[in-house]
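*Asks:* Okay, here's the structure, questions in a sec.
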Amino acid sequence: MTNKKCVRLRAIEPEDLELMYDIENDMSLWNVGSTNVPYSHFLLQEYITRSTGDIYTDKQLRLMIEVGQQTIGIIDLIAYDPRHNRAEVGIVIKEPFRNQGYGTQALRQLMDYSLQVLHIHQLYAYISPDNQYSVQLFRSAGFQQTAVLKDWLFNGETYSDVLFMQFF
């Protein structure tokens, strides 16, 4: 289902602390990323305060996803490598706003910005094959699966594969 409301990407504001806290401490998301520890309000406040918003300085860029006046998620460029001109993409949409086309709009805006403004040559993402919504999101945006990384993620009990998807 595609929603007609337009998504806007914007810089982090101090008011985003609670949303960031909720997303970073959502244990159901830990298995799809590289973190498995909770973040405190203090650490996240420090991150907001110290972030320059400059990908060249921070080697990452976090943008908030808004629809109207409501912040519904986060999209990141991380592990920015200026030498090889590439960055990893991560996206989280709050549960009530998923599967409404907002992720697609946000990802396409981030891709346009990355290619046209930052002149990044390659974007990539690590996605669990079980996360069919994310696989479809990235495929529909033009990402191609170029590898399967075996036993890449560990949930404390079992290892699982991850799809490596790239956009050139």
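*Asks:* Report the gain in length on full extension from Asp130 to Tyr39: 0.36 nm times residue separation, minus Cα-Cα distance, nm rounded to one decimal. Each step should come with its number before you reach the end.
*Replies:* Values: separation 91, 0.36 × 91 = 32.76 nm, distance 2.58 nm.
Contour length minus the Cα-Cα distance gives 30.2 nm.
*Asks:* I would also like to ask the following. Summarise the accessible area of the chain (1.4 Å probe, protein heavy atoms) by the percent that is carbon and sulfur.
*Replies:* Details: 5040 of 9880 Å².
Taking all protein chains in place, the chain shows 51 percent carbon and sulfur surface.
*Asks:* Which residues' amide hydrogens lie under 5 Å from the amide hydrogen of Ile120, considering only partners 5 or more residues apart or on another chain, with H built in the peptide plane?
*Replies:* Those lying under 5 Å, H to H, from Ile120 are Leu115.
*Asks:* Next question, about the same structure. In a GNM of the chain with a 10 Å cut-off on Cα contacts, which of Gln136, Gln60, Gln144 has the highest mean-square fluctuation?
*Replies:* Of Gln136, Gln60, Gln144, the most mobile in the Gaussian network model is Gln136.
*Asks:* Solvent-accessible area per residue for the chain at a 1.4 Å probe radius, Å²? Walk me through the numbers before you get to the answer.
*Replies:* Working: 9880 Å² over 168 residues.
So the chain comes to 59 Å² accessible per residue, rounded to a whole number.
*Asks:* How big is the dipole moment of the stretch 12-168 about its Cα centre under a simple scheme where the beta carbon of each Lys and Arg is +1, that of each Asp and Glu is -1, and everything else is neutral? Debye, nearest 20, please.
*Replies:* Numbers: 10 positive and 20 negative charges, 126 e Å.
Taking the Cα centre of the stretch 12-168 as origin, the dipole is about 600 debye.
*Asks:* Modelling each spin label as a point 7 Å along the Cα-to-Cβ direction, I'd like the Gln166/Glu46 distance in nm, to one decimal.
*Replies:* If labels sit at Gln166 and Glu46, their model points lie 3.6 nm apart.
*Asks:* Working out 0.36 nm times the residue gap between Lys59 and Cys6, then minus their Cα-Cα distance, what length gain in nm do you get to one decimal? Mind dumping the intermediate values first?
*Replies:* Details: separation 53, 0.36 × 53 = 19.08 nm, distance 2.78 nm.
Using 0.36 nm per residue and subtracting the Cα-Cα distance, I get 16.3 nm.
*Asks:* So what does the Cα-only Debye profile of the chain read at q = 0.09, 0.13, 0.19 Å⁻¹, as log10 I(q)/I(0), no solvent term?
*Replies:* Debye curve over Cα of the chain, log10 I(q)/I(0) at q = 0.09, 0.13, 0.19 Å⁻¹: -0.30, -0.65, -1.47.
*Asks:* Ordered by residue, what ³J(HN,Hα) values in Hz, to whole numbers, does the stretch 80-97 give under the Karplus form 6.51 cos²θ - 1.76 cosθ + 1.60, where θ = phi - 60° and Gly and Pro are x?
*Replies:* Those phi angles translate into 4, 10, x, 5, 9, 6, 9, 8, 8, 10, x, 8, 9, 10, 4, 3, x, 10 Hz.
*Asks:* Can you tell me what share of the DSSP beta bridges in the stretch 76-168 is antiparallel? A percent to the nearest 5 is fine.
*Replies:* Numbers: 16 of 19 bridges.
Rounded to the nearest five, the antiparallel share is 85 percent.
*Asks:* Which of the peptides 91-100, 69-78, 38-47 is most tightly packed, and how do the rest follow, going by the mean number of other Cβ atoms within 10 Å of each residue? Mind showing how you got there, number by number?
*Replies:* Numbers: 91-100: 16.2, 69-78: 17.9, 38-47: 13.0.
Ranked from most to least packed, the peptides come out as 69-78, 91-100, 38-47.
*Asks:* Quick check on the chain: helices-only [θ] at 222 nm, where DSSP H runs of length 4 and up contribute -39,500 (n - 2.57) each and the sum goes over total residues. Nearest 500, please.
*Replies:* On the way: 6 runs with 50 residues, N = 168.
The helix-only estimate for the chain comes to -8000 deg cm²/dmol at 222 nm.
*Asks:* Further, regarding this structure: Using modelled amide H (1.01 Å from N, peptide plane; none on Pro or chain starts), what sits under 5 Å from the amide H of Ile72, excluding residues fewer than 5 places away?
*Replies:* Correct list: Ile65, Glu66, Val67.
*Asks:* Something else: Can you list the HN-Hα couplings for the stretch 60-72, worked out from phi with the Karplus curve (6.51, -1.76, 1.60; θ = phi - 60°), rounded to whole Hz and with x for Gly and Pro?
*Replies:* With the stated coefficients, the stretch 60-72 comes to 7, 9, 10, 10, 8, 9, 10, 10, x, 9, 9, 8, 10 Hz.
The values are calculated or read from the model by the stated rules, or taken from the named source; none is laboratory data. All values reported here derive from a predicted model rather than from experimental measurement. Please note: Cβ atoms are built from the backbone with ideal geometry, for glycine as well, and neighbour counts cover all protein chains shown. Note: accessible area is taken over every heavy atom of the protein model, side chains too, but ligands, DNA and RNA are not part of it. Shrake-Rupley method; radii C 1.70, N 1.55, O 1.52, S 1.80 Å.
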